[in-house]
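In what follows, a single structure is set out as structure tokens and then discussed.
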Amino acid sequence: MDERASQFFLSVGRLCADARIAGLTVRLRLANGDEIAGIPEPPPETEGEGELDTIGYADAVTVDTTVVALSDVVEASVTHPGT
């Protein structure tokens, strides 16, 4: 994986972790075109087997109760709590 892609997935992981703390809604668009939205869980931190590239996160993220591969995310956004 190139450095830019790795940085993208690291940023998505941090976004989910930070949004969880504030109870913010995150919307993820996946490579297959599906979108999921809700309050995320932070991606599991790991090293070695199951780690996405070398970013420190497992290749998984949970939004509400839906678990998807972090590597399938192509777009991520956070919604203002007043909307």
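Output ³J(HN,Hα) for segment 43-54: one whole-Hz value per residue in order, computed from phi by the Karplus curve 6.51 cos²θ - 1.76 cosθ + 1.60 with θ = phi - 60°, and x for Gly and Pro.
x, x, 7, 7, 9, x, 4, x, 6, 7, 6, 10
When the Cα atoms of segment 38-82 are enclosed in a convex hull and the volume is divided per residue, what value in Å³ results?
In segment 38-82, the Cα convex hull volume per residue is 80 Å³.
Place +1 on the Cβ of every Lys and Arg and -1 on the Cβ of every Asp and Glu in the chain, take the dipole about the Cα centre, and give the residue among LEU10, ILE21, GLY50 whose Cα lies farthest towards its positive end.
ILE21
Quick query: amide H of ILE39 versus all other amide H atoms, modeled in the peptide plane; which residues come in under 5 Å with a sequence gap of 5 or more or a different chain?
Amide H neighbours of ILE39, under 5 Å, 5+ apart: VAL26, ASP64.
Averaged per residue, what accessible area in Å² does the chain show with a 1.4 Å probe, protein chains only?
That works out to 61 Å² for each residue.
Quickly estimate the mean residue ellipticity at 222 nm for the chain, helices only: each DSSP H run with n ≥ 4 gives -39500 (n - 2.57), and the total goes over all residues, rounded to 500.
The helix-only estimate for the chain comes to -8500 deg cm²/dmol at 222 nm.
Could you work out what % of the accessible surface of the chain is carbon and sulfur, using a 1.4 angstrom probe and leaving DNA, RNA and ligands out of the count?
Details: 2360 of 5040 Å².
Taking all protein chains in place, the chain shows 47 percent carbon and sulfur surface.
To the nearest 20 debye, what charge dipole does the chain have about its Cα centre, counting +1 at the Cβ of each Lys and Arg and -1 at the Cβ of each Asp and Glu?
On the way: 5 positive and 15 negative charges, 89 e Å.
So the magnitude is around 420 debye.
Please label the shape of the chain as rounded, prolate or oblate, based on the square roots a ≥ b ≥ c of the eigenvalues of the alpha-carbon gyration tensor (a/c under 1.5 means rounded; beyond that, a/b larger than b/c means prolate, else oblate).
Verdict is prolate for the chain.
Once you list every other residue whose beta carbon is under 12 Å from the beta carbon of GLN7, what net charge do they have if Lys and Arg are +1 and Asp and Glu are -1?
Here the count lands on -1.
Counting other Cβ atoms within 10 Å, which GluC sites (Glu not before Pro) in segment 18-83 have at most 16 and lie in a DSSP loop?
Passing both the DSSP loop test and the Cβ count: GLU47, GLU49.
Rounded, prolate or oblate: which fits segment 14-53, taking a ≥ b ≥ c as square roots of the Cα gyration tensor eigenvalues, rounded meaning a/c under 1.5, else prolate when a/b beats b/c?
Working: a/c = 3.38, a/b = 1.22, b/c = 2.77.
Judged from the Cα gyration tensor, segment 14-53 comes out oblate (a/c at least 1.5, b/c at or above a/b).
Output the relative contact order of the chain, whole-number percent, from Cα pairs under 8 angstrom with separation of 6+ residues.
33 percent
Once phi is turned into ³J(HN,Hα) by the Karplus curve 6.51 cos²θ - 1.76 cosθ + 1.60 with θ = phi - 60°, what whole-Hz value does each residue of segment 60-76 show in order, with x for glycine and proline?
Taking θ as phi minus 60°, the curve returns 7, 8, 10, 10, 6, 10, 8, 9, 9, 6, 4, 5, 8, 6, 10, 7, 9 Hz for segment 60-76.
³J(HN,Hα) across segment 11-19 via Karplus (A = 6.51, B = -1.76, C = 1.60, θ = phi - 60°), whole Hz, x for Gly/Pro?
Running phi through 6.51 cos²θ - 1.76 cosθ + 1.60 with θ = phi - 60° gives 5, 4, x, 5, 4, 5, 5, 5, 5 Hz.
The values are calculated or read from the model by the stated rules, or taken from the named source; none is laboratory data. Just so you know, these numbers come straight off a predicted model, no measurement behind them. Every residue, glycine among them, receives a Cβ derived from its backbone with ideal geometry; neighbour counts consider all protein chains shown. In case anyone asks, the SASA skips ligands and DNA or RNA and just uses the protein heavy atoms, side chains included. Shrake-Rupley method; radii C 1.70, N 1.55, O 1.52, S 1.80 Å.
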